[in-house]
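Written below as structure tokens is the structure these notes are about.
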Amino acid sequence: MDRKYSLEDLIHIVETLRSKNGCPWDRKQTHESLKPCMMEEAAELVSSIRIYNQTGNAENMREELGDILLQVMLHSQIA
């Protein structure tokens, strides 16, 4: 069975990634440097919605929504 993670789990993960003991790449990111990532993830979400409308399969859309949520959490942590 897949483990379900909470929003608090995600907050903790992002805090850890951005901490001094976290990931160097994540620590150096800014709102500006993350803009291309957010734009790419948004485009992928739009594509996944198209796929969902054609197939009824939401698996890819769930994955892309998770990627968007991570971007939102990174921006929130930076702010």
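Over the chain, dividing the summed -39,500 (n - 2.57) contributions of all DSSP H runs of at least 4 residues by the number of residues returns a 222 nm mean residue ellipticity of -26000 deg cm²/dmol.
For the chain, the longest principal axis of the alpha carbon atoms and the long axis of helix 31-55 meet at an angle near 20°. Taking the accessible area of the chain, probe 1.4 Å, and keeping the other protein chains in place, the carbon and sulfur fraction comes to 57%.
Just to confirm the number: angle between the C-alpha axis of helix 7-18 and the first principal axis of the chain, 0 to 90 degrees, nearest 10? In the chain, helix 7-18 runs at an angle near 50 degrees to the longest axis.
How far, in degrees from 0 to 90, does helix 59-78 lean away from the longest principal axis of the Cα atoms of the chain, to the nearest 10? Value to nearest ten degrees: 20.
What does the accessible area per residue of the chain come to in Å², with a 1.4 Å probe and no ligands, DNA or RNA counted? List each step's numbers first, then the result.
On the way: 5900 Å² over 79 residues.
Accessible surface, normalised per residue, equals 75 Å².
Under the rule a/c < 1.5 gives rounded, and otherwise a/b versus b/c splits prolate from oblate, where does the chain land using the Cα gyration tensor?
Values: a/c = 3.23, a/b = 1.55, b/c = 2.09.
Oblate.
The values are calculated or read from the model by the stated rules, or taken from the named source; none is laboratory data. Predicted, not measured: the structure shown is a model, and the values here were computed from it. Heads up: the accessible areas ignore ligands, DNA and RNA and are worked out on the full protein's heavy atoms, side chains in. Shrake-Rupley method; radii C 1.70, N 1.55, O 1.52, S 1.80 Å.
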